Each structure stands twice: as C-alpha cells, then as structure tokens.
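S.K.: Please read through the structure below; I'll follow up with questions.
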Amino acid sequence: MTNKDFEKFLDTSDEWIETRTGIKSRHIVPRDKHVAASELGAKAAGIAMKRAGIDPDQIDGIICATFTPDSFFPSTACRIQAILGCSCSFAFDISAACAGFIYALSNANALIVAGNASNILVVGSEVISKTLDWTDRSTCILFGDGAGAVLMQASEQNGRGVLSTYMASDGTLGDILMLPSWGEKRTMKMKGNEVFKHAVRMMSDASLRALEMAGINMEQIDLFIPHQANIRIIQSVADHLSIPDEKVVLNLQKYGNTSSASIPLALDEVWNMGLIKEGTKVLLTALGGGVTVGSSIIRF
Ligand code: UT7
C-alpha cells in the first residue's frame, strides 16, 4: 500500500507522509481475508530454520513477540509450533509492543545461557492493519504488517552472541500509545508527539547503557539497527549517539512501522546483502507501548 493510496480516502499526501516519517509504502494483509500473525511468523521462522540447517524436531523453544496475537490463548508461538511441527519445543508469547523482539531475544539468550535450551526460534510477527483506525491519519499511515525470525543457538565460542541487553519500562506512560483489549473501540491510540520525544530520549539512553554493559564503544559497532518507526526519530537517536549514516540500517521506507517485526526484517535484509560476517557487531534498539525500551548488542 503506497502513500498515494491513502490520498484516496484521507486528508493527507504522499509528500506529508514521506517528509514527516520517511515511509513510502507498507505491506498490508488482505482486508477481506483472515490472516493471522502465526501464519506470517511461521513463514519467517521456517525460513530461519532452513537457513540454519535445523530440523523442526531440533527446536527446543519458540518465543514470539507480538501485540496482535491470533488469540489471548493459545499463544501465537504455540500456533507457530503447530504449523512448523516443532514437537519438542516450549512456546510462549511476549507482550512488549515494538520493543518485543529485543525482549524476546533477551529471554531466549537467558534460557540458552542457563542451559535450558540449545535452539530457540525468536519471532516478531504482526498484523497491525487489523488494529488501526483507518480514519485517523496520524496513526494509520505509519504501520505495516510483517514478520521476521532468527534462530538462536548455544555456542561454546567466547565473545559471540548477545554481548549485552538493557531493558526498561515506564508504565506511567502507558496512555501515550495503547491498544485497548475490550470495552472501548478496539483501535490503536497514540499521542504521536509524546511518543516521538520519549523514543529519542529512551532509545539513546538504552543504547548507551547496552554499550557500557558490553564494555565497548560506539566506534566498534558495525551496524545500528533501530526499530523502524519514523526516520526523524532514527536520525535523532543516531545524532545523539554520533553514529555515521553508513552504519544506520533503514527499511521503513518499504515496510513502515511493523512493530516487533521491524528489527528481524532489517536483520534479514543486511544478512541478504552480505553485511553480516563473523565478528560483525550490531546494536539493536527499540521503544514500544508500555512504555517499553530495550537495546541489545550482538556479535555474530
Ligand atoms: O513504534 C512506536 C510507535 N509510534 C511512533 O514511533 C510514532 C512517533 N511519532 C511520530 O512519528 C510523529 O509524531 C507523527 C508522524 C505521528 C506525527 O508527526 P509530527 O511531525 O509529530 O506531526 P504533528 O503530530 O505535530 O502534527 C502536525 C500537523 C497537525 O496539523 P495541525 O494541527 O498543525 O493543523 C496534524 O493534524 O500534521 C497533521 N497531520 C497530518 N497531515 C497530513 C497528522 N497526520 C497527518 C497526515 N497527513 N497523515
């Protein structure tokens, strides 16, 4: 769905959307068809397993980050498990909105380090279009549907994997970005300006803390993969952190904000471009409703 498509039914323009957000188009599941987050997530997770050369019965766990689950329960992760036939795995969802992928990654890492699992699929999957108020021009133009996944595996090699993760939440800011479960009209509500302000401050702070925890400096980071919400937020965070443009990974122009899927989608793209090699250090950061924030440093 392009920005021009919105001009047909909203008081907006391609020019406004692109200059204020950086977004040109986004992928939307068919409106007249039920497409569940588990379907998208299982596709992404299946590709991740194939690339890693791992069979479904070698998977010990599936963690899915989503704020658009198929149902309250079973979890989307359990549904993905059923689709993929991972008969030996545990499966559960994580609710941390747009920061969900980093929270899921951190949980998977902790389970692996504790010796509870060797192979965990970490999935971010969203069908956000089903939650939008399509008459609200300040929110519906921002989001897209999508899924991404990584396979995390135990390794004896020192210095590889998740070097650090910093997570923080501020429940007092819950009202600035929310999707009610029942009662009121069930569409996303957002105070865009406030989210913008907190996003820049909290993602910059979380990134600095993750760097400190890993004992490395910004110059040692090869790629910066921020949650893809708004190009102006990303540029402000990159400026705060003095990260040069060539290290900043952007794909929001094609997909919009896909919440928990945005970071794994970007990881897939840089992997396909050959930018991920052994030793590559990546800084991830995201902020989501809650408010939740997280930053993680990974060495491949
Ligand atoms: O994953 C985290 C989730 N969310 C975010 O990260 C969103 C963070 N916030 C943002 O990205 C930005 O705040 C928005 C893109 C939502 C809005 O951009 P802005 O530059 O902060 O605009 P604004 O809210 O200050 O609004 C400026 C004007 C307003 O008109 P008036 O009151 O000045 O006449 C809005 O009504 O722009 C208007 N506006 C639009 N105009 C055309 C808002 N949305 C649109 C639109 N098309 N789609």
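S.K.: Any chance you could check the Cα centroid distance between region 193-256 and region 114-191 for me, in angstrom?
M.R.: Measuring centre to centre over Cα atoms gives 16 Å.
S.K.: What is the Cα radius of gyration of the chain over 2.2 N^0.38 Å, N being its residue count?
M.R.: For the chain, the normalised Cα radius of gyration comes out at 0.95.
S.K.: What distance in nm separates the simple spin-label points at Ala82 and Asp136, each placed 7 Å from Cα in the Cβ direction?
M.R.: The two pseudo-label positions are separated by 3.1 nm.
S.K.: Here is a follow-up. Quick check on region 161-299: of the DSSP beta bridges with both residues there, what percent are antiparallel, nearest 5%?
M.R.: Antiparallel bridges make up about 80 percent of those DSSP assigns within region 161-299.
S.K.: Once neighbouring chains are kept in place and the probe is 1.4 Å, which whole percent of the accessible area of the chain is contributed by carbon and sulfur?
M.R.: So the carbon and sulfur contribution to the accessible surface is 51 percent.
S.K.: In whole percent, what relative contact order does the chain give with Cα contacts below 8 Å and a gap of six or more residues?
M.R.: Rounded, it is 24 percent for the chain.
S.K.: Further question: Roughly how many debye, to the nearest 20, is the charge dipole of region 54-196 about its Cα centre, given +1 on each Lys and Arg Cβ, -1 on each Asp and Glu Cβ, and no other charges?
M.R.: 240 debye
S.K.: Helix-only mean residue ellipticity at 222 nm, the chain, DSSP H runs n ≥ 4 weighted -39,500 (n - 2.57), per residue, nearest 500. What is it?
M.R.: That comes out to -10000 deg cm²/dmol.
S.K.: Please report the antiparallel percentage of the DSSP beta bridges confined to the chain, to the nearest 5.
M.R.: Antiparallel bridges: around 65 percent, rounded to the nearest 5.
S.K.: So how exposed is Met1, as accessible area in Å² (1.4 Å probe, rounded to 10)?
M.R.: Only protein atoms counted, so the area is about 60 Å².
S.K.: Test of understanding: in a Gaussian network model of the chain with alpha carbons linked when under 10 Å, which of Gln81, Gln253, Gln157 would top the mean-square fluctuation ranking?
M.R.: Of the options given, Gln157 has the highest mean-square fluctuation.
S.K.: Give the long-range amide H neighbours of Asn257: residues separated by 5 or more places, or on another chain, with amide H under 5 Å away, using H modelled in the peptide plane at 1.01 Å from N.
M.R.: Residues meeting the criterion, in which the H sits 1.01 Å from N, are Phe143, Gly144.
S.K.: When only the heavy atoms of the protein chains count and the probe is 1.4 Å, how do Thr139, Thr12 rank by accessible area, highest first?
M.R.: Thr12, Thr139
S.K.: Given R₀ = 25 Å, what would the calculated FRET efficiency be for Leu10 paired with Lys185, taking r from the Cβ atoms and rounding to 0.05?
M.R.: About 0.90, to the nearest 0.05.
S.K.: Charges only on Cβ, +1 for Lys and Arg, -1 for Asp and Glu: so what's the dipole of region 161-299 about the Cα centre, in debye to the nearest 20?
M.R.: Using Cβ point charges on Lys, Arg, Asp and Glu, region 161-299 gives about 360 debye.
S.K.: Oh, and also: Once ligands and nucleic acids are excluded and a 1.4 Å probe is used, how much of Lys43 is accessible, expressed in Å² to the nearest 10?
M.R.: Only protein atoms counted, so the area is about 150 Å².
S.K.: Per-residue accessible area for Ser129 at 1.4 Å probe radius, Å² rounded to 10?
M.R.: Counting only protein heavy atoms, the figure is 10 Å².
S.K.: I would also like to ask the following. Report the full-extension gain for the segment Asp175 to Gln220: residue separation times 0.36 nm, less the Cα-Cα distance, to one decimal in nm.
M.R.: Length gained between Asp175 and Gln220: 12.5 nm.
S.K.: Rank Thr12, Ile47, Phe143 by how far each Cα sits towards the positive end of the charge dipole of region 3-153 (+1 on Lys, Arg Cβ; -1 on Asp, Glu Cβ) and give me just the farthest.
M.R.: Ile47
S.K.: In debye to the nearest 20, how big a dipole does the chain give about its Cα centre with +1 on each Lys and Arg Cβ and -1 on each Asp and Glu Cβ?
M.R.: For this selection, approximately 220 debye.
S.K.: How big is the equivalent ellipsoid of region 161-299 along its three axes, where each semi-axis is √(5λ) from the Cα gyration tensor, reported in whole Å from largest to smallest?
M.R.: The equivalent ellipsoid of region 161-299 has semi-axes of 26, 17, 13 Å.
S.K.: Can you tell me, using C-alpha contacts under 8 Å and at least 6 residues apart, the relative contact order of region 161-299 as a whole percent?
M.R.: Relative contact order for region 161-299 comes out at 40 percent.
S.K.: Decide, for region 108-222, between rounded, prolate and oblate: order the square roots of the alpha carbon gyration tensor eigenvalues as a ≥ b ≥ c, take rounded if a/c falls under 1.5, and otherwise choose prolate if a/b is larger than b/c, else oblate.
M.R.: The shape class here is prolate.
S.K.: List the pairs from Lys130/Lys189; Lys189/Lys254; Lys43/Lys277 whose alpha-carbon separation is above 18 Å, in the order I gave them.
M.R.: Over 18 Å apart, Cα to Cα: Lys189/Lys254; Lys43/Lys277.
The values are calculated or read from the model by the stated rules, or taken from the named source; none is laboratory data. The structure presented is a predicted model; accordingly, all values stated were derived computationally and were not measured. Neighbour counts are summed over all protein chains in view; Cβ atoms, including those assigned to glycine, are modelled from backbone coordinates with ideal geometry. All accessible areas refer to the heavy atoms of the entire protein, side chains included, with ligands and DNA or RNA removed. Shrake-Rupley method; radii C 1.70, N 1.55, O 1.52, S 1.80 Å.
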